[in-house]
Amino acid sequence: MIDREQIYKWWEIFQKGGQKLCEIRVLGKNKETFSGYYRDVNNIIRDIEPLSNNDSLQFYFILNTITPECYDRTQHEHIIKFPKETTKDNNIIGRDYIMLDFDPERTSGTGSTDEQLKEAHKLARRVYDYLISEGFYEPIVCRSGNGFHVIIPIALKNDEASSKLVDRFIKALDMMFSNEHVHVDTSVDNAARVCKLYGTYAKKGANTKERPWRMAKIIKVPDTIQITDKIYIEKIASLYQDEPPKPTRENNYGKESFDLIGFFNKHGIEYRTVKTSTGTRYILKECPFGGSDHADPDSMVFQYDNGAIEFKCFHNSCQHYHWKEFRLHFEPDAYDKKDYREFRSKQQYYEKYEPVKIKEETSENGKKWLDWDDIQDINDADLIAIKSGYFLLDKLIKGFVLGELSIMCGLNSSGKSTILNSFALNAIQRNYPTAYFSGELRPQRLKQWIAQVAAGRTNVTKNLETERSYDVNPNVLPKISEWINGKLKIYSHEKYGNLSEQLVNDIIECIKNFGVKFILIDNLMSVSLDGESGDKNDKQKNFVIKVANVAKTYGVHIMLVVHPRKENGLQFLRKESVKGAGDITDAADNVFLIHRVGDDFEKRATEFLGKERVANLIMYDNVIEIAKNRDYGVSDMFVGLYFEPESRRYKNSKAEQIHYDWEEHYEEYSVPEEPQPLPTTIQPNQSFDTPIEPLYPQKEGGAYWGQFQHDSEPPF
C-alpha cells in the first residue's frame, strides 16, 4: 500500500535526510486527523504502513522548515489521533519551496480520469517551460495522484511580505495558464502548506477503472537542486495587480472599471475568454506586436476581479510590452505624449536589420545623386542603429548607429570585454553579422566566454575546481553553435598577427565578403602600429581615423576598446583619461566609460558627481557612462547594469532573462508507467507493534542513501 523506495527518495530530497524536522499529517474522510513529528524515516514507515490499508486515510507532509520546538509535542516520533497541536504558519522558520498544484477540473469527490491527468501534465509542462525561460532553476516535478506538482526550491523568510509575494506569484500563474480543463490552485500559498506524501496513494472518490487511485510519485529531480532567487519570483508576481486601479485622467477619474470588452469591439480585436479564480483572461487571436506568429494561446489580456488590467505575450520580442503599450498601439492619445514616445522607443528597440542589396541606377529608381529638392525630409527614427541590449542606453542614444565609431574605455577588470560579448550576441540576435578582433584572448577562450553568455544561467554548471567558474552544459553547445555559426567572425590573430594595416585590410574584406555590420576591436593596445607614421600618439590617431573612415565608408559600426592612461589608476575615470585622448576621442562619434561599482568608485565618483547622484548608482554592479555622443549631444549620463556570474551577462535588471534564437524547449520528462493497481480487497490493519525492517540501513547522521548514495556529499 506504500512505496518504500519513493518514501526514502522523498526523505532525501525534501527532508534532506533528516536534517529538517518532519510532520506527517493523516486526514480522513470523516474529518479524522492524525499527526506525528519525525527525524527518523523508519519510524514514519512503521507508523503509516498499517494506516495505509485504510481506504479513508490519505497522507501528507509539511513542505517548509518547521521550528525544532515542535519535535517535543506529544506526537514525538509516533502518530496520534486528533492531536491537540499541529504545525501552524507561525511554526514555520522559512519557506523552502513554492508548490504549484495543477488540479484537473472534475466533479467534486472524484479522482481524475487518464485524460484529465494528461491535461494536468500538459499544463504543468507548459508552466515548467515558462519558468525555465524566465530564469528559474529547474523545479522538482511530482505526480500528486490526480494531478501534478511543480515544486520550486526557494529561500524566503516566513513573514507577511513573503506570504504576499507567494500569493501574488501563484495568482499570476493562475491568470496566465489556468484553463477550462486544469487550474493552478491558488489556495496553496500558506507557509504551513501540507503536500501529498510521495510514495502513498491518493484516494479521492471510489477506486474505479475510469478513475483509479494512483500513487503520488516523484517524477523529475534536477541533477543539482538550485534555489531560484527572489527577484525572479517578484518579476512574475508583478503581473498580478492586487490593488484596484486608482482614478486617473485615463479613466476620467472615475471608479468604474475600464470597459475592456468595449475597447476590443471598438478596435476589432478578436479573442476568446477563459475564467480563472482571480479574473478573466482574454486570449487574443493574434498579438498586435507580433501578428499571427504570436497567436492563441501565447498573447493575452487579463482583467482581474478588482478591475486591474495587464497584457502578456510569451514571445521574447514582446516581453517588454504591458497594458499601457498595448492600449497605446490602438489609441496613441490615450496617455500623454511622453508615454507615447517611450512606447515608440520600445517598438524601435526590437526592429531587426534587413540587409540592403546594392542597386544599379535605373530610370525606375531614379537618380543616384540627388539635388536638394529631390530629397525628402526625414527624422532620426529613419536611421539604422544596432541596439545595445541595454534599454536606457538605447533610449538615450538610439543604439550603435551604422557609419559611426564608438570608443570604450575602462580600468582593468571593469567588465569591458564581458560587455562586448553581450553587444555581439545582441547584434547577432537582431540579424547583424558581427566581426570580433580580440588581441588578448585566444579564439578558443573567446568562444568559450561568448558561449557562456549565450547559454544563460539555467544552462551552465558550476565548475567545483575553480571559484566563480561555470561550464556550459554539453547538450546546448551544438544548438548555440548552429545559431552563431556564420553570423560571428572571430579574427585569427595567432596566425595573421596584429599589424594595423593588415587588420584594417582584413576588416574591409570581412565587410565585403560576409556583409558584416558590427565590428568589435578589443583593444587598441593589442594592435601593432608599426606600419603607421609619426610618434606613438600620431600612430594611434592615424589608426583610429582609419577605422572611423571604414565605418563611414562601408556603413558599419565599429566599437574600439582603448585603455586609460596609467596615471588614472587612482582617479575617477573621465573622457580625458583615455590614452591618447583629444585626437582619439575627437575622431569617435561616441565615447563610453565603463565603471565597476565598489568602494573606490563610490569614493572617487562622489568628488565629481556629488553624494546624492552617486547614491543612485551604488546599487548596480557596473555602470556605462556616456561621455560623448555626437548625434544627440548626450554626455555625463549613466546606465546601471547588474552582473550575473553564472552567465557572465550584464543585465538591465537582476531578474531579466535574456533569450536568444538558439533556445528550444527542454526535452520532455516522461510520466512513468502506472504501478500495479491497488488491490480492491483491503487487508486488515496491521498492529503498530509489528516490526518493520528498513529498506536501507541508516547511515551515521540519519541519512538514507540506498540506490541514491553518492561518493560525495549530496548536491543539497
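Calculate the length of the line joining the C-alpha centroid of segment 358-429 to that of segment 11-69, in whole Å. For segment 358-429 versus segment 11-69, the Cα centre distance is 63 Å. Ordering 63, 384, 79 by Cα displacement along the dipole of the chain toward the positive end leaves 79 in first place; charges were set at the Cβ atoms of Lys, Arg (+1) and Asp, Glu (-1). Of the residues 11, 213, 518, the one whose Cα sits farthest toward the positive end of the charge dipole of the chain, with +1 on the Cβ of Lys and Arg and -1 on the Cβ of Asp and Glu, is 11.
Between residue 331 and residue 273, full extension at 0.36 nm per residue minus the direct alpha carbon distance yields a gain of 18.6 nm. A straight line joining the Cα centroids of segment 526-542 and segment 287-318 runs 55 Å.
Once the Cα atoms are used to define both axes, helix 416-429 deviates from the longest principal axis of the chain by about 80 degrees. Rounded to the nearest 10 degrees, what's the angle between the helix 4-14 long axis and the longest principal axis of the chain, both from Cα atoms, 0 to 90? Roughly 40 degrees between the two axes.
The distance separating the Cα centre of segment 97-121 from that of segment 162-210 comes to 9 Å. Here the simple spin-label model places points 7 Å from the Cα toward Cβ, and for residue 469 and residue 80 these points are separated by 5.6 nm.
Net charge of the neighbourhood of residue 449, taken over other residues with C-beta under 15 Å away and scored Lys/Arg +1, Asp/Glu -1, is +3. In segment 4-229, how does Rg compare with the Kirkwood Rh, expressed as the Rg/Rh ratio over alpha carbon atoms? Ratio of gyration radius to Kirkwood radius: 0.94.
Modelled spin-label separation between residue 115 and residue 571, with each label point placed 7 Å from Cα along the Cα-to-Cβ direction: 7.8 nm. Helix content alone sets the calculated 222 nm mean residue ellipticity of the chain: runs of n ≥ 4 DSSP H residues at -39500 (n - 2.57) each, divided across all residues, give -8500 deg cm²/dmol. Against the chain, whose longest principal axis is taken from its Cα atoms, helix 41-51 shows a tilt of about 50°. Estimated at 0.36 nm per residue, the fully extended path between residue 108 and residue 604 surpasses their Cα-Cα distance by 171.9 nm. Counting only Cβ charges, +1 for Lys and Arg and -1 for Asp and Glu, the dipole size of segment 259-349 around its Cα centre is about 100 debye. For residue 214, the residues whose modelled amide H falls within less than 5 Å of its own, excluding neighbours fewer than 5 places apart on the same chain, are 202. Applying 1/(1 + (r/R0)^6) with R0 = 41 Å to the Cβ-Cβ distance of residue 363 and residue 501 gives a FRET efficiency near 0.45. Once the Cα-Cα distance is subtracted from the 0.36 nm per residue extended length, the residue 611 to residue 164 segment shows a gain of 157.5 nm. Beyond 19 Å in Cα-Cα separation lie the following of the pairs 122/220; 395/517; 9/118; 579/628; 628/654; 235/654: 395/517; 9/118; 628/654. Suppose R0 equals 35 Å. What FRET efficiency, 1/(1 + (r/R0)^6) with r the Cβ-Cβ distance, do residue 462 and residue 545 give to the nearest 0.05? Given R0 = 35 Å and the Cβ-Cβ separation, E is 0.15. Calculated FRET efficiency, residue 90 to residue 509, Cβ-Cβ distance, R0 = 60 Å: about 0.25 to the nearest 0.05. For segment 259-349, the relative contact order is 16 percent, taking Cα pairs closer than 8 Å that sit 6 or more residues apart in sequence and dividing their mean separation by the residue count. Highest mean first, the peptides 50-56, 433-439 sorted by other C-beta atoms within 10 Å per residue fall in the order 433-439, 50-56. When 196, 230 are arranged by Cβ crowding within 10 Å, least crowded first, meaning fewest neighbours, the order is 230, 196. Counting Lys +1, Arg +1, Asp -1, Glu -1, what net charge surrounds residue 58 among other residues with beta carbon under 10 Å of its beta carbon? Result for the neighbourhood of residue 58: +4. Relative contact order of segment 4-229: 24 percent, from C-alpha pairs under 8 Å at least 6 residues apart in sequence. Taking amide H atoms as placed 1.01 Å from N in the peptide plane, the amide H of residue 193 lies under 5 Å from those of 63, 64, each 5 or more residues away in sequence or on another chain.
Note on segment 259-349: lysine pairs with Cα distance below 19 Å, sequence gap of 8 or more or different chains, count 12. Mean sequence separation of contacting Cα pairs (under 8 Å, at least six apart), scaled by the length of segment 126-180, corresponds to a relative contact order of 24 percent.
For the pair residue 187 and residue 315, label points projected 7 Å from Cα toward Cβ lie 3.9 nm apart.
Of all lysines in the structure, those lying under 24 Å Cα to Cα from residue 88, and not within fewer than 8 positions of it along the same chain, are 16, 20, 29, 31, 157, 164, 171, 196, 230.
No value in this document is a laboratory result; all are computed from the given coordinates. None of the values given here were measured: they were computed from a predicted structure. All Cβ positions, even for glycine, are placed from backbone atoms using ideal geometry, and neighbour counts span all protein chains on display.
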